[in-house]
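Peer 1: Below is the structure I would like to discuss, written out as structure tokens.
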Amino acid sequence: MRFKHNKKRNTAFLYESLLKEMSKSIVKSDENRKKRILSILKEFFSRGKVLRKELDLYKFLYETRKIDIYTAERIIQEARKDYSSLNLKEIFNAQTALISLVNKKLGKSAFSAFVPNYRSLATISQIFNNEMPAKSRVLLERKIISVMIASPKEKSRMTSMPKVDNLAYKTFIDKFNDKYGSDLLSEQKGLLTRYIMSLSDNGISLKIFLNEEIGRLKESLNAALETDEYKNDEMIYEKTKQVSQLLESFSQKRIDGSMIEKVLRIQAFAEEIQSDGD
């Protein structure tokens, strides 16, 4: 017997869809839509809410990685045990209210967002379904366990980039290092990876990363400007202030190689500031 999965009755899918819509609103600078999404997330997924309890069990499974098979089996066993204690009628009613509110406040298109780990979420949903035949459930559990204990070779295959992207990535790094003589920081590698891969996802992940990273950099620079060391050194103070203003201007500019290079340099500058303060 084959069970049909209803994605709108998958709490983790609903949550991930809202996060996707949140990302889009940030990229488009749509503050009103962003606030509506935040309000919905707070109403249905704040601590203590039944959908939050269910979501935590989903996340317990799909976020756990690099463990042995015995631990993976125990985690699934405990997750199913905890899930059985939840009030399914309460979950259903909360989902119904959430779906209705999303349709009203955001539109039905909010549920059409592409969720990369949807298959895993669907599998977990069926694992939690007590009406699923034992044999089918065990086979589905094997799939989840295989992800939780993925071998280094498998993990490498899942995370590796296409050859053309590796070449472009290496070329950009070589040019940057030749020009500035700098070993890349982890945040610089994160930025470059998203820049190189931006062609495959219309730049959405890059824009989201840049939005957060520029915010982090501005906080770091502004904190430095408040210290006596910077206030007492006019030249350094002005330079740091100019860099902070440059970050502010990026919100009005198109993302290109030149901007990425500037952000890379500012990342290195911010790291120097932090190191000097330690």
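The values are calculated or read from the model by the stated rules, or taken from the named source; none is laboratory data. Predicted model, so just to flag it, every value in this text is computed and none were measured. With ideal geometry, Cβ positions are generated from the backbone for all residues, glycine too; neighbour counts draw on all protein chains shown.
Peer 1: Considering Arg47, Arg65, Arg52, which residue is assigned to a loop (DSSP other than H, G, I, E, B), assigned by TED's automatic domain parsing to the domain that holds Arg142, of a type in the set (Lys, Arg) and closer than 25 Å to Arg119 by Cβ?
Peer 2: On the way: Arg47 fails: closer than 25 Å to Arg119 by Cβ; Arg52 fails: assigned to a loop (DSSP other than H, G, I, E, B).
Just one listed residue meets the conditions, Arg65.
Peer 1: Just the residues that are at pLDDT below 75 and either out of contact with any helix residue (DSSP H, G or I) (no Cβ under 8 Å at 6 or more places or on another chain) or within 16 Å of Thr123 (Cα to Cα) (or both), please, taken from segment 1-27.
Peer 2: Met1, Arg2, Phe3, Lys4, His5
Peer 1: Please specify each residue of segment 237-271 satisfying the condition of being acidic (Asp, Glu) and under 26 Å from the mean Cα position of the chain (by Cα).
Peer 2: Step one: list which residues in segment 237-271 are acidic (Asp, Glu), which gives 238, 248, 256, 261, 271.
Across segment 237-271, the qualifying residues are Glu248, Asp256, Glu261, Glu271.
Peer 1: Can you pull out the residues in segment 76-118 that are more than 19 Å from Val50 (Cα to Cα), out of contact with any Lys or Arg (no Cβ under 9 Å at 6 or more places or on another chain) and either assigned to a helix (DSSP H, G or I) or aromatic (Phe, Trp, Tyr) (or both)?
Peer 2: Ile76, Gln77, Asn103, Lys104, Lys108, Ser109, Ser112
Peer 1: Looking at Leu57, Leu19, Leu51, Leu38, which one is touching a residue at least 60 places away in the same chain (Cβ under 8 Å) and not basic (Lys, Arg)? Break it down stepwise before answering.
Peer 2: On the way: Leu19 fails: touching a residue at least 60 places away in the same chain (Cβ under 8 Å); Leu51 fails: touching a residue at least 60 places away in the same chain (Cβ under 8 Å); Leu38 fails: touching a residue at least 60 places away in the same chain (Cβ under 8 Å).
Step by step, each of Leu57, Leu19, Leu51, Leu38 is checked, and only Leu57 is touching a residue at least 60 places away in the same chain (Cβ under 8 Å) and not basic (Lys, Arg).
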